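Quick one: this structure, given as structure tokens, is what I'll be asking you about.
Values quoted throughout were computed directly from the atomic coordinates according to the rules given, and no laboratory measurement underlies them. None of these values were measured; they are calculated from a predicted model. Please note: Cβ atoms are built from the backbone with ideal geometry, for glycine as well, and neighbour counts cover all protein chains shown.
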Amino acid sequence: MHELSLADGMLKTILDAAEKEKAKKVKLIKLEMGEILLVNADQLTFCFDVISKDTIAEGAKLEIKFLKPRVHCNKCEKEFTISSGKDFPILHMICECGSNDVAVLSGREFNIKSIVIEED
Ligand SMILES: [Zn+2]
């Protein structure tokens, strides 16, 4: 499962960072995610809750901001943002000039923007 491997990588990064800061507890995690990743926020939260049990990140809240993908049309050289709605954004990647020869510039991000910790 996609969300589980993301949650796993995220937990490792967060625990590393928290350890450096000598955190007692991780309270909040702010994330930015490109919509092309098609991450289900509820599933990600669920996976994170499960795997963070018995770590200092247990019970931390996830605040997820979704980033709209930016694409570039190779035909008319226009840059635009696509809006996924709830469907697969890939299906909507057609430029207004009618070309589907578009390159994805961004939208696959998975960034941990910041974490809020409780210090010792
Ligand atoms: Zn175009």
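Given labels modelled 7 Å from the Cα in the Cβ direction, how far is it in nm from Glu32 to Arg108?
The two pseudo-label positions are separated by 1.8 nm.
Extent of the chain along each principal axis, from alpha carbon coordinates, in Å, largest to smallest?
Between the extreme Cα coordinates on each principal axis of the chain lie 57, 24, 17 Å.
While we're here: With label points built 7 Å along Cα→Cβ from the Cα atoms of Lys65 and Phe46, find their separation and express it in nm.
2.7
Order of 28-35, 51-58 by packing, highest average Cβ count within 10 Å first?
Values: 28-35: 18.5, 51-58: 15.4.
Output ranking for 28-35, 51-58: 28-35, 51-58.
Measure off 7 Å from each Cα along the Cα-to-Cβ vector at Lys22 and Cys76, then give the distance between these two points in nanometres to one decimal.
So the two model labels end up 5.9 nm from each other.
Further, regarding this structure: Step through the residues of segment 32-44 one at a time and calculate ³J(HN,Hα) from phi using the Karplus curve (6.51 cos²θ - 1.76 cosθ + 1.60, θ = phi - 60°), rounding each to whole Hz and writing x for Gly and Pro.
After applying 6.51 cos²θ - 1.76 cosθ + 1.60, I find 10, 9, x, 5, 5, 5, 6, 7, 8, 4, 5, 5, 4 Hz.
Next question, about the same structure. Which whole-number percentage describes the relative contact order of the chain, with Cα contacts under 8 Å and a sequence gap of 6 or more? Don't skip to the answer; put the middle values down first.
Numbers: 215 pairs, mean separation 45.1, N = 120.
Relative contact order, the chain: 38 percent.
Can you give the charge dipole size of the chain about its Cα centre, rounded to the nearest 20 debye, using +1 on the beta carbon of Lys and Arg and -1 on the beta carbon of Asp and Glu?
Numbers: 17 positive and 21 negative charges, 38 e Å.
Its charge dipole is roughly 180 debye.
For segment 16-23, what does the Karplus curve 6.51 cos²θ - 1.76 cosθ + 1.60, with θ = phi - 60°, yield as ³J(HN,Hα) per residue in whole Hz, taken in order and with x for Gly and Pro?
My calculation for segment 16-23 gives 4, 5, 5, 5, 4, 7, 6, 6 Hz in order.
How large is the charge dipole for segment 1-55, taken about the Cα centre, if only the Cβ atoms of Lys, Arg (+1) and Asp, Glu (-1) carry charge, to the nearest 20 debye? Write out the running numbers ahead of the final one.
Values: 8 positive and 10 negative charges, 80 e Å.
Charge dipole of segment 1-55: 380 debye, to the nearest 20.
Provide the descending list of Cα extents for segment 17-67 along its principal axes, expressed in whole angstroms.
So the three principal-axis extents are 34, 21, 12 Å.
For the chain, which cysteines have no second Cys with its Cβ under 4.7 Å from theirs?
Taking the Cβ cut-off of 4.7 Å, the unpaired cysteines of the chain are Cys47.
Could you work out how much longer the chain between His2 and Val116 gets when fully extended? Use 0.36 nm per residue separation minus the Cα distance between them, nm to one decimal.
Values: separation 114, 0.36 × 114 = 41.04 nm, distance 2.51 nm.
Computed gain between His2 and Val116 is 38.5 nm.
Then there is this: Once every Cα of segment 1-45 carries one equal point scatterer and solvent is ignored, give the base-10 log of I(q)/I(0) from the Debye formula at q = 0.17, 0.27, 0.32 Å⁻¹, two decimals.
-0.54, -1.05, -1.24
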